[in-house]
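The block underneath contains the structure these notes are about, expressed in structure tokens.
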Amino acid sequence: MSSENKQETRPDMIACENVDKWFGDFQALKGVTATIAEQEVVVVLGPSGSGKSTWIRCINRLEAHQRGTIVVDGVELTNDLRNIEKIRSEVGMVFQQFNLFPHLTVLDNVTLAPKWVRKMPKADAEIKAKELLEMVGIPEQASKFPGQLSGGQQQRVAIARALAMEPKIMLFDEPTSALDPEMIKEVLDVMKDLALGGMTMMVVTHEMGFAREVADRIIFMESGEIVEVGTPEHFFTDPTEDRTKLFLSQIL
Amino acid sequence: MNEIELSNPAKLPETPKRSIGEWVKSNLFSNIPNTVLTIVFGFLALYSIKGLLGFILSGERRWAAVATNMRLLMAQGYPANQFIRVWFTLGCLMVLTGISLAIWRSNGVLKIKRIGTWVLNLGLGAAIFASLAPVSANARGGWLIATAVLLLLGYFLKIGSDKSMLPDDVPTVWFSFGCLAVLVLSLWTVPYGHYAFTDGELIAESGRTVAMSTKLPFTVMLLLLIGAFMLAEVARGLVHIPKAKIVLSSLWLLSPFVLNWIVLRDPDFDYGRVFSTDIPIGLLFIGFGFLVLYPLTNPSIGEKGRLVAIALLMFAAFNWIAAFFGLYPMLQKVRISFLLLALAALLAPNFAADNRTRLRFISFWAGFIIVLHWLITAINSPSTLDLQGPTYLGGFSLTLFVAVLTLLLSFPLGVLLALGRTSSMPIARVLCTVYIESVRGVPLITILFFFSNILPLFLPAGMEIAELAAIVTGYTLFSAAYLAENVRGGLQSVMRGQYEAADAIGLTTSQRTGFIVIPQALRVSIPPLVGQAIGVFKETSLVAIVGAFDILRIAAYVVPAQTEFLGVKREGLLLISVIYFAVAFSMSKYSQKLEERVGLGER
Amino acid sequence: MSITAEESTSNYHHQKPPFYRDAIVVKWLFQIGALALVIFALWFLSSQARDNLTARNISTGFDFLSVDPGINLSEGIDTRPSTGGRALWVGMVNTIRLATAGIFFATLLGLIVGLARLSNNWLVKKVGAIFVETLRNIPLLVQILLYGAILANLGDLEFDSGWDNWVIWSNKGVSIPRVFIADGFYQWAVFMILGAIAARYAYNQRSKLHDETGQDTFPWLWSSGVLGVFALIGWFIHPIFSWVGSIFGAISDGISKIPEEILQIALSIAAIAIAGRWIQNFLQSRRTPGGAARLNDDDKFRIIFAGVGAAISILVIFVVWPGLTSWMINSSSDLFSVLENKFGNGRTGGPFGVDRPEVIKPGKFEKYGPSGLTMSIGFAAVFFGVVLYTAAFIAEIVRGGILAVPKGQIEAANSLGMKRSTALRTVILPQALRVMMPPLGNQYLNLTKNTSLAIAVGFSDLVQVGQTVGNQTGKNLSVFAIWMLFYLACSLTISVAVNFFNVRLKIVER
């Protein structure tokens, strides 16, 4: 993908400035500063415990940051209830453990938020949900319960559920880590399609192939700091920082 | 003791490969200590059974005290000429049960072999009875014949299904109907005896079957049950099943209130007031609700809606405070309605959606107000039924009434308390915890005393509370604390990820709680909740101590005070032990089944 | 999308939302509102109660505790109590007596039945199952009344009804030998305390020896032996400790000389210190390596509440309940002076005595003499009721606890070549006990609360006495407060005890 000219013309979708976050004594984020442009796909890499997940969870305020500013689509994340509401309905999130609602059918899982948050009529919401299930390749499972699906199918439902809100940004928090190897591809394929369709995406993952192929930029984090930012080409072939080199040597 | 065996056929000892002798040897006499145990416990068991039978069948026992007072025990002094209402109520419940059985398609089947085992066990029970009971030689002969018949029947059922002379299984529903039919039939044929107080005189004829006023209604009830079931089976194909289920569920929820009203209704009910006051007020509130809620459910209204709702809430609260100081009078119903309207307005933003959803929300509110107004009217019109005894409800019906009402009322309260205790708000958490723990720390009886003796002291001048209402209030507040703990267990089992996922798709806190958290929590808490329900049912007996005429009070204090049966206490207590046991035991068996089902759940 | 162009381009830096949209403020406002509502409701109800009580000419308060209630109790340490407080104290003693006896026997019976349900013997298993299913599905109150009715129908009291004056039963109750605390008990108790210290020392020594040499040194046997020796010697020579009383007397005098103001000030300082300490720790926990603590609004509210809590306690000490400190001084001084009187005065008898029951005939009818420990029908009915009912539940807990130990554990123990008894003691029981302890504590609590059903058979437990006293004096509200405090104290005691055992068991596990 040609990302260079994209970055210049598109406005910022996510802007983080000096974001700090502590869990008790432990500082999880140390002055994280980064911007993500519209339609950009950013993959966040780093060893476990490096604060990737915390950062991504701060962006739709599942965690509250303590210092610095996070602005998503022009809305600053503060204690303001209205802003939180707005961000939540504009940012879709996919979790490592899928977190589907086990007591609802797949269709109800997908239509719940459009019906009650977007205030969409039920019939419209269902049509939309069926389209999305078609898109992620499991239209025939609509009336089943999550417990009856395989991990890969569940994760695809989770993606459909997030997309049903017509988000401007999609966050992926290690979407393939809890999957059996044979199911990883089906989820990554859906994510690739999404990226090609022009969705702004921020992906925390360990899938290097995905990062190399799809990402516009790669952000490498370690112990709560952003160490290096660059295109996949640059990142995998010619990293500047020692810590990046060490990480790559361990993982490749 | 047959119940035990009946319920555990799967754990019964026989394995087909071993002969009876081998089974006895390995299970009873495998080694010396085992043999000693068998002998000791065998003597113990035989001695207790013999003692119990001797106690029950002793000539000194006066079972007539129980038989004569059966109506008193069941419904206290309900006037005989109005009894048709009670039967009507019961009939409604029967029809509802029949239809529900058909709609919820209980597909359960019973293996004929299993039924055979039960019949064999019954035969064994009869054999023990025949050999140990202190009865006349003739009666012993009769019991021996019964034993032989039962054993043969059981053997036939077992062998018959083995050799495929009989079908493998029968539907559970029809088996239960069959058992009930046998019981009802026995009312017409077996001389249980005819006992009654007629004009203060004791009639006791042991050779007759029970009175027509007993056997006829019971027969009708059974026919209603079976008839409703069969009709509903036929109608099943014609109706939309999920809708029918919703209708039936709401009927079940409403039935305690409605049927209670039918039973206790004042014969001279003031319909004029209903038309002049109640219906206009109801209509007014429906209209008012529409005017308020329709704009509030508009998705674009935003925080302004919340402010309007808070203003309404303050107005409703002001109404209550004013009422306490007697400032300006209005019907209590109006105050309650205002409060509910304010609460609905608070909820309204959650239902902001397309027009259909909005209208559905408003019509739900309207339906709720109609039902509520009707109930308040019904409760407020005092019964002038001429009942003997200080309270208007009594006997086993009071026990059931208190238990069901308490469970219904304490459930929402318990859920709220559990939510409060697990919430992230420290003050709410502390308040709920203090409430739950202090209520759980004291005995129920002190709380009942508090509410029956002391509560009137706390009420504003002029406000009174009926004793039964005070008792139910106290019991509700008590059981809500226990219920909250059960629900809390369920709430804690809901994964953190579920909360996060709900937040991430933009649900508000109340939507998250209502759509995601509570359904999952309740599913997990069902078995402990059933256990709690059993506890509530059993402890209903405590209302006897604070003066309500429930079945226990009648058996332990009323009957022994009758001149004919002075001091006859043990018989009645034994009988109600059996009644309590039957209800509680079947509920606990049901909960065990539920537990297995939840354990095998979808996840 | 709902977002408009105007909003998305607005300047976002450091905008503070209006208070009604600020998540933290809304959260705390809601809670303060709820708290205010609760306080208002309580205030309102209590003011109503005050008005109603004045209207009915009933005074509130606890003065009835020192007034003669004019009631007779069916049994207890004092059947004609001279004050209301004494009457309630008799009730409490009766409740505690019933509860402790109940807990002991219910545990014993429950253990037996629970093990019976796990037996290989079919008959034993069945008998256990029937016991459990029958007893736990019949309401306790029904059982108590039934047992009461059956006991009331026993034969009349005669001189030879029972076993040779060791146990006597009749429709007037059951009488067994009484063991009582005699004159020398407190002096002997001092010996026992010394003995416990010595036993502890012996235990440690023997354990150390075992660790060093690896031989069986029987530390438990040794320590109980030491304790036994002390008990035996103390039985005869305990008068040598008669001087201990004067120490207690001195302590009592010393306490009574503490000026009230000093205690008040000390308590206030303690309240401030605790709040300050809490705030300090809280700030410490919020501290970040990056420097000073960063507090969000939530934290600020918490700190304010801690401060308010301390202020309220000081207010209570000085204004709301100024008598608190003098009460504390007097009661602790009284306690020691009571202890002082238990020593000296030529106390030479044994610490305990035993009296066999007897039947006397003072007038026309036989009755139990004062010498034996007599269970009235009421006591026996409640006792059998709570014991049988609770035993059924305990049996299920025991069974569940043992079944909860994975089968692999037993197999592992066998494969290590342990003896069956060793495996049971060191592997199975600790694990089963860990599962059993919390629900067992719950059952003990239930049992204690269930003794309140004694009122149905007229046994003078706390609730029955309280109800009588309350009806006599009209002080139902005060009585209710005493009930609550007493049962909450019982709950607390039992849960503390259970927690203590739980902690011990966890150490055993390690």
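Derivation of every value follows stated rules applied to the coordinates shown; laboratory data play no part. If you're wondering where the values come from, they're calculated on a predicted model, not measured in any experiment. Every residue, glycine among them, receives a Cβ derived from its backbone with ideal geometry; neighbour counts consider all protein chains shown.
Side notes on the structure shown:
- Counting 0.36 nm for each residue step from C:Phe30 to C:Asn341 and taking away their Cα separation leaves a gain of 106.3 nm.
- For the range B:390-603, a simple Cβ point-charge model (Lys and Arg +1, Asp and Glu -1, everything else neutral) yields a dipole of about 440 debye relative to the Cα centre.
- Fully extending the segment from C:Ile272 to C:Asn153, taken as 0.36 nm per residue of separation minus the present Cα-Cα distance, adds 36.5 nm.
- Estimated from helices alone, the mean residue ellipticity of chain B at 222 nm is -23000 deg cm²/dmol (sum of -39500 (n - 2.57) over DSSP H runs with n ≥ 4, per residue).
- Remark: B:Met165, A:Met191 ranked as B:Met165, A:Met191, counting other beta-carbon atoms within 10 Å and listing the fewest first.
- With the convex hull drawn around the C-alpha atoms of the range B:390-603, the volume per residue stands at 144 Å³.
- Angle between chain B longest axis and helix B:426-441 axis [Cα atoms, degrees, rounded to 10]: 30
- Mean separation of Cα contacts under 8 Å, 6 or more apart, over the residue count of chain B: relative contact order %: 15
- Per-peptide average of other Cβ atoms within 10 Å, ordering A:41-53, B:206-218, B:430-442 highest first: A:41-53, B:430-442, B:206-218
- Calculated [222 nm] ellipticity per residue, helices only, for chain C: -22500 deg cm²/dmol; basis is -39500 (n - 2.57) per DSSP H run with n ≥ 4, divided by all residues, nearest 500.
- Point-to-point label distance, C:Glu358-C:Ile237, nm (Cα→Cβ direction, 7 Å offset): 3.6
- Percent of Cα pairs exceeding the 67 Å cut-off, where the set is the protein assembly as shown: 19
- Across every direction, the projection of the convex hull enclosing the Cα atoms of the range C:46-95 has a mean area of 4.3 nm².
- Shape class of chain A from the Cα gyration tensor (axes a ≥ b ≥ c, square roots of the eigenvalues): prolate, since a/c reaches 1.5 or more and a/b is larger than b/c.
- Lys, Arg +1 and Asp, Glu -1 on Cβ, resulting dipole of chain A about Cα centre, debye, nearest 20: 840
- Extent along principal axes [Cα atoms of the range B:269-381; Å; largest to smallest]: 46, 32, 18
- Dimensions of the range A:1-146 along the principal axes, based on C-alpha atoms and rounded to the nearest Å, stand at 46, 41, 33, largest first.
- Rh by Kirkwood over Cα pairs, then Stokes-Einstein D for the range C:109-192 at 1.306 mPa s and 10 °C, µm²/s: 94
- For A:Val227, the residues whose amide H sits under 5 Å from its own are A:Phe220, A:Met221, A:Glu222, ignoring neighbours fewer than 5 places away on the same chain, with H placed 1.01 Å from N.
- Other protein chain Cβ atoms within 10 Å, averaged over every residue that makes up B:513-523: 2
- Chain C - convex hull of alpha carbons, volume per residue in Å³: 326
- Principal semi-axes of the equivalent ellipsoid, √(5λ) from the alpha carbon gyration tensor of the range B:52-208, are 34, 28, 11 Å from largest down.
- When each of B:Leu124, B:Leu291, C:Leu146 is scored by the number of other beta-carbon atoms lying within 10 Å, the sequence from fewest to most is B:Leu291, B:Leu124, C:Leu146.
- Using the alpha carbons alone, the radius of gyration of the range B:396-487 stands to its Kirkwood radius in an Rg to Rh ratio of 1.01.
- Beyond 23 Å in Cα-Cα separation lie the following of the pairs B:Lys569/B:Lys589; B:Lys215/B:Lys589; A:Lys122/C:Lys27; B:Lys25/C:Lys125; C:Lys172/C:Lys361: B:Lys569/B:Lys589; B:Lys215/B:Lys589; A:Lys122/C:Lys27.
- Given charges at Cβ of Lys, Arg, Asp, Glu: the protein assembly as shown dipole, positive-most of C:Pro430, C:Ala152, C:Ala99: C:Ala152
- Chain C: DSSP helices with Cα axial extent of at least 30 Å and average Kyte-Doolittle hydropathy no lower than -1.0: C:23-55, C:84-117, C:185-213, C:260-286, C:377-403, C:476-509
- With 20 Å bins beginning at zero, the pair-distance distribution over Cα atoms of chain B amounts to 14, 46, 32, 9, 0 %.
- Alpha-carbon Rg/Rh ratio, for the range B:73-123, with Rh computed the Kirkwood way: 1.24
- Cβ charges +1 (Lys, Arg) and -1 (Asp, Glu), total dipole of chain B, debye: 1360
- Helix B:303-324 and the longest principal axis of the C-alpha atoms of chain B enclose an angle of approximately 70°.
- Each Cα pair under 8 Å and six or more residues apart adds its sequence gap; the mean of these over the residue count of chain C is a relative contact order of 25 percent.
- Summarising the amide proton neighbourhood of B:Arg208: residues at separation of 5 or more, or on other chains, whose placed amide H is nearer than 5 Å comprise B:Gly193, B:His194.
- Listed residue (B:Ser136, B:Leu73, B:Ile99) projecting farthest to the positive dipole end of the range B:2-234, Cβ model: B:Ser136
- Sorted by Cβ density within 10 Å, fewest first, the residues B:Tyr482, C:Tyr487: B:Tyr482, C:Tyr487
- Cα gyration tensor shape for the range A:18-102, rounded if a/c is under 1.5, else prolate or oblate: rounded
- Rounded to 10°, Cα long-axis angle of helix B:355-380 versus longest principal axis of chain B: 70
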